[in-house]
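We did not get these values from a lab; they are worked out from the coordinates using the rules stated. Only a predicted model underlies this, so the values are computations on that prediction, with no experimental measurement involved. Here Cβ is always computed from backbone atoms with ideal geometry, including for glycine, and neighbour counts include all displayed protein chains.
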Amino acid sequence: MSRQMTGAEMVIAALQDQGVEVLFGYPGGSVLPIYDEIFKQEKIRHVLVRHEQGAVHAAEGYARSTGKVGAVLVTSGPGATNAVTGLTDALLDSIPLVCITGQVPTHLIGNDAFQECDTVGITRPCTKHNWLVKRIEDLPRILHEAFHVAKSGRPGPVVIDIPKDVQFATGTYHGPKNIQHKTYRPKVKGDMDAIRHAVQMIGKAHRPIFYTGGGVINSGPHASQLLRELVKTTGFPITSTLMGLGAYPGNDEQFLGMLGMHGTLEANMAMHESDLIICVGARFDDRITGRLDAFAPHAKKIHIDIDPSSINKIIKVDVPIVGDVGHVLEDMIRVWKQTQPTIDKAALQKWWDKIAVWRGRKCLAYRASDEIIKPQYAIQRLQEAVKGKDVYFTTEVGQHQMWAAQFLKFDEPNRWMTSGGLGTMGYGIPAAVGVQMAHPGSLVIDIAGEASVMMTMQEISTAVQYRLPIKIFILNNHYMGMVRQWQELLHGGRYSESYSEALPDFVKLADAMGGVGIRCEKPSELDAAIAEMIAVKKPVIFDCVVDPAENCFPMIPSGKAHNEMLFGEAVENIGDVIDEKGKMLV
Amino acid sequence: MNTTHYPSAHIFQSPETHTLSVVVDNEPGVLARVVGLFSGRGYNIESLTVSETEHEKHLSRITIVTTGTPMVIEQIKNQLDRLVPVHRVVDLTVSGKVLARELALIKVKGKGEARVEALRLGDAFRARVVDATTESFVFEITGKSDKIDEFVGLMGPLGLVEYSRTGVAAISRGPEAS
């Protein structure tokens, strides 16, 4: 179907043809023609954010919770530069986004025009790909290509920069066609020889472990089902990265919890002592591996990843399988059924016995209190209160995020939205807005810290405007908790600039913004307050005043290996554990 | 690899020099993508040459000479390959049949015996004189990079003023396309 229309009309037509239902954006001079087209139609709902960073995070939340592509529309200059943090966040966490930016008219490009910036130059390193569209003839192709690039292969954000004169120009629009891209062809099917070899290794392993990540979630719910099938068939233990939580049920016996810097003892020790690591859609990043020369010294490694550049980047692996997790797992299960490898049950039982000992140490234990709310306790009570409910969680970044990852148990993928790779404080509120837009009837909770919340709290206003009853559950310890924790461990307890001075009264703030504020300071009142929060059908800021001194354990200090973890009880002699070299690391 | 602060197991691999041939769509920004990838991830560029090679297909060939440990070289190739406008990345060093040449223009100023010696050496290196005054020459020389290095070194004491090099252009031997 081809029609004559303006560039601005093409943008809306292409978004509609690509199935976009919600567009997060903020108007400005050089996107006015597109906003005019938004005004004239009803298929796409536009969500007016309060800052462009919020638009991108909201689209991330939307994309992460639905598996669809998130769509963003911002203006030139500051609109584009404000979006950069969100785009980088989406790139590091492989979230599919299409971000359309306005640009000054083509004849003004390069003249330092009002609200001009080199958008494609600035966003080149923080997008999967980007385009500056200088001719109306190229616009329809690029619009559809952008969606293809964003969602296929390893997903990621893309930017289309459209000068204002191109938005006004008239040309021929054509819908999405199934043409093969001339250069971009991601591989989804894994190499069968490698898969057979991997299945053989799995059959022979004595101390195996599945190490899974965000790639399983990105591959779709089907991949999570296949993962569950394979893990159940083998009877192996499984651990997950922060991004992968939910791909495997958190309450299952075989699940060892999250691994890495704040992962569980059992997960990290099992990685360290294993003889086979089956990495599924994860990327061996530094929060996971700790000290590289001591990482899983006895293990052979199988690595399934859709991105060839993830393989052998940090850790040299024995069997790389480039392909989509869903496709590869499907083939693996088929080969498994054909070849029926005999697992050494006795060895596996010994392995599980060992794991049981680590589990027995209950590494997440904390000292409970009747006087003051422990942050871990608050998350546990919250988890209890939402049991059986249709619930989605987002987080900000810091201690609260790690506690949430440790204590929340997810049964399904796409229920957990957090900023993993970039670690963006301020992610949670706008992400919750995006999630709630996609799931209007569900309970959406942002587990937050009082410092992170201050970074994007203007988006509460967005939530109020669109009647999105998001719950902002602040674990308020009056500190940038993770900064304070590192200062305590590494910098002699000199809490340089990590105290949250002059905090707002969050209850009044909620009130002023049109939401509902709840404060809770006593453990005995927590359950009732949480129940009230869930019952309210408006945006809620829940100011949960918690123990300001609590640290997040277990922890692998920087520069240490998986078997050199710190625990809550070890707090006193913690200063000695990190050497000078470790202080240099982040 | 230098991209992580953590001491890595493969840091002690010895670095190798590789010549990569990257066929890309000749579109705006494609060179910036390639160069940005190298600077952003801390890879080395020893030489970089780019020119359109197939006008009708809008293709350019970028020849990059880079150094790194085998693991880094593998990373560089994979990172280049996932750039959207990249058609293919060929490691000419691995395929083992690399033909690499460079062109240089070298300006030498001098009189008397030095001038005669420069001309004689130019002859020995098969350099052509493309500009001459009574007190200077400009030589044009092609060859492998080390031949040019050597010639430039010899011209040093004979009145070398300045020189300009094209960087390496490379292709594989034999009938097949690389």
For chain B, what relative contact order do you get, as a whole percent, if you take Cα pairs closer than 8 Å and at least 6 residues apart?
25
Across the Cα atoms of segment B:12-97, what radius of gyration and what greatest pairwise Cα-Cα distance (Dmax) are found, in Å?
12.5, 46
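Would you order A:His562, B:His58 from fewest to most other beta-carbon atoms within 10 Å of each residue's own beta-carbon? Mind showing how you got there, number by number?
On the way: A:His562 25, B:His58 13.
Ascending number of Cβ neighbours within 10 Å: B:His58, A:His562.
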At a 10 Å Cβ-Cβ cut-off, how would you order A:Thr106, A:Thr88, A:Thr424, fewest neighbours first?
A:Thr106, A:Thr88, A:Thr424
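Mean residue ellipticity at 222 nm from the helices of the protein assembly as shown, using -39,500 (n - 2.57) per DSSP H segment of n ≥ 4 over the full residue count, to the nearest 500 deg cm²/dmol?
For the protein assembly as shown, the value works out to -10500 deg cm²/dmol.
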On Cα atoms only, tilt of B:70-81 relative to the major axis of chain B in degrees
80
Please state the relative contact order of segment B:12-97 as a whole percent: Cα pairs under 8 Å, 6+ residues apart?
45
May I ask which residue of A:Gly121, A:Ala432, B:Met155 lies farthest towards the positive end of the charge dipole of the protein assembly as shown, with charges of +1 (Lys, Arg) and -1 (Asp, Glu) on Cβ and the Cα centre as origin?
B:Met155
Convex hull over the Cα atoms of segment B:99-172, averaged projected area in nm²?
4.4
Suppose a student asked you for the relative contact order of chain A, using Cα pairs under 8 Å spaced at least 6 residues apart; what percent would you report?
14
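At a Förster distance of 41 Å, what's the computed FRET efficiency of A:His491 paired with A:Gln225, Cβ-Cβ distance as r, to 0.05? Write out the running numbers ahead of the final one.
Details: r = 46 Å, r/R0 = 1.13.
Using R0 = 41 Å, I get an efficiency of 0.30.
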Virtual spin-label span in nm between A:Asp511 and A:Tyr499, 7 Å along Cα→Cβ:
2.7
What residue among A:Gly514, A:His222, A:Gly493 has its Cα farthest toward the positive end of the dipole of chain A, where the charges are +1 on Lys, Arg and -1 on Asp, Glu, each on the Cβ?
A:His222
Any aspartates and glutamates whose Cα falls less than 20 Å from that of A:Lys387, other than same-chain ones fewer than 8 residues away, would be A:Asp252, A:Glu253, A:Asp411, A:Glu412, A:Asp446, A:Glu525, A:Asp527, A:Glu532
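If neighbour count is taken as other Cβ atoms inside 10 Å, put A:Thr119, A:Thr342 in order from fewest to most.
Numbers: A:Thr119 27, A:Thr342 8.
Arranged by neighbour count, lowest to highest, A:Thr119, A:Thr342 become A:Thr342, A:Thr119.
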Among B:Asn44, A:His197, A:Gly171, which residue has its Cα positioned farthest towards the positive end of the charge dipole of the protein assembly as shown, with +1 placed on the Cβ of Lys and Arg, -1 on the Cβ of Asp and Glu, and the dipole taken about the Cα centre?
A:His197
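Which entries in the list A:Lys301/A:Lys350; B:Lys57/B:Lys97; A:Lys182/B:Lys57 go over 19 Å, if you measure between the two C-alpha atoms of each? Intermediate results must be reported in sequence, preceding the final value.
Working: A:Lys301/A:Lys350 21 Å; B:Lys57/B:Lys97 26 Å; A:Lys182/B:Lys57 11 Å.
Listed pairs above 19 Å: A:Lys301/A:Lys350; B:Lys57/B:Lys97.
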Mind listing P(r) for segment A:1-122? All alpha-carbon pairs, 5 Å bins, whole percents.
2, 11, 22, 23, 20, 14, 7, 1, 0
Rg in Å to one decimal, and Dmax rounded to a whole Å, for the protein assembly as shown via C-alpha atoms
29.1, 101
With N denoting the number of residues in chain B, provide Rg(C-alpha) divided by 2.2 N^0.38 Å, to two decimal places.
1.24
If the reach is capped at under 17 angstrom between alpha carbons, list the lysines near A:Lys522, excluding any in the same chain fewer than eight residues apart.
A:Lys374
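Let me know the charge dipole size of segment B:12-97 about its Cα centre in debye, to the nearest 20, where only the beta-carbon of Lys, Arg (+1) and Asp, Glu (-1) is charged.
Values: 8 positive and 10 negative charges, 31 e Å.
Using Cβ point charges on Lys, Arg, Asp and Glu, segment B:12-97 gives about 140 debye.
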Based on Cα positions only, what radius of gyration and what Dmax would you give for segment A:75-182, in angstroms?
13.8, 39
What is the spread of the Cα atoms of segment A:216-335 along each of their three principal axes, largest first, in whole Å?
34, 32, 23
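Go through A:Lys471/A:Lys538; A:Lys362/A:Lys471; A:Lys362/A:Lys409; A:Lys232/A:Lys337; A:Lys43/A:Lys538 and tell me which ones have a Cα-Cα distance over 20 Å in this structure. Don't skip to the answer; put the middle values down first.
Working: A:Lys471/A:Lys538 8 Å; A:Lys362/A:Lys471 30 Å; A:Lys362/A:Lys409 16 Å; A:Lys232/A:Lys337 13 Å; A:Lys43/A:Lys538 26 Å.
Those over the limit are A:Lys362/A:Lys471; A:Lys43/A:Lys538.
Net charge within 15 Å of A:Asp275 by Cβ-Cβ distance, Lys/Arg positive one each and Asp/Glu negative one each, not counting A:Asp275 itself?
Details: positive: A:Lys204, A:Arg207, A:Lys300, A:Lys301, A:Lys350, A:Lys354; negative: A:Glu273, A:Asp318, A:Asp344.
Surrounding charge for A:Asp275 is +3.
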Can you list residues from other chains, or at least 5 along the same chain, whose modelled amide H is less than 5 Å from the amide H of A:Leu566?
A:Met555, A:Ile556
A:Leu443 neighbourhood, Cβ < 12 Å, K/R = +1, D/E = -1, net charge +3
For A:Lys134, list the aspartates and glutamates whose Cα falls under 19 Å from its own Cα; do not include residues on the same chain fewer than 8 positions away.
A:Glu9, A:Asp112, A:Glu116, A:Asp118, A:Glu145, A:Asp161, A:Asp165, B:Asp25, B:Glu27
Of the trypsin sites (Lys or Arg not before Pro) in segment A:33-113, those whose Cβ has at most 14 other Cβ within 10 Å and which sit in DSSP loop:
A:Lys40, A:Lys43
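List the pairs from A:Lys128/A:Lys189; A:Lys313/A:Lys354; B:Lys107/B:Lys144; A:Lys128/B:Lys77 whose alpha-carbon separation is above 24 Å, in the order I gave them. If you can, show how the numbers build up before the last one.
On the way: A:Lys128/A:Lys189 21 Å; A:Lys313/A:Lys354 31 Å; B:Lys107/B:Lys144 19 Å; A:Lys128/B:Lys77 17 Å.
Result: A:Lys313/A:Lys354 exceed 24 Å.
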Dipole moment magnitude, nearest 20 debye, the protein assembly as shown about Cα centre, only Lys, Arg, Asp, Glu C-beta charged
1680
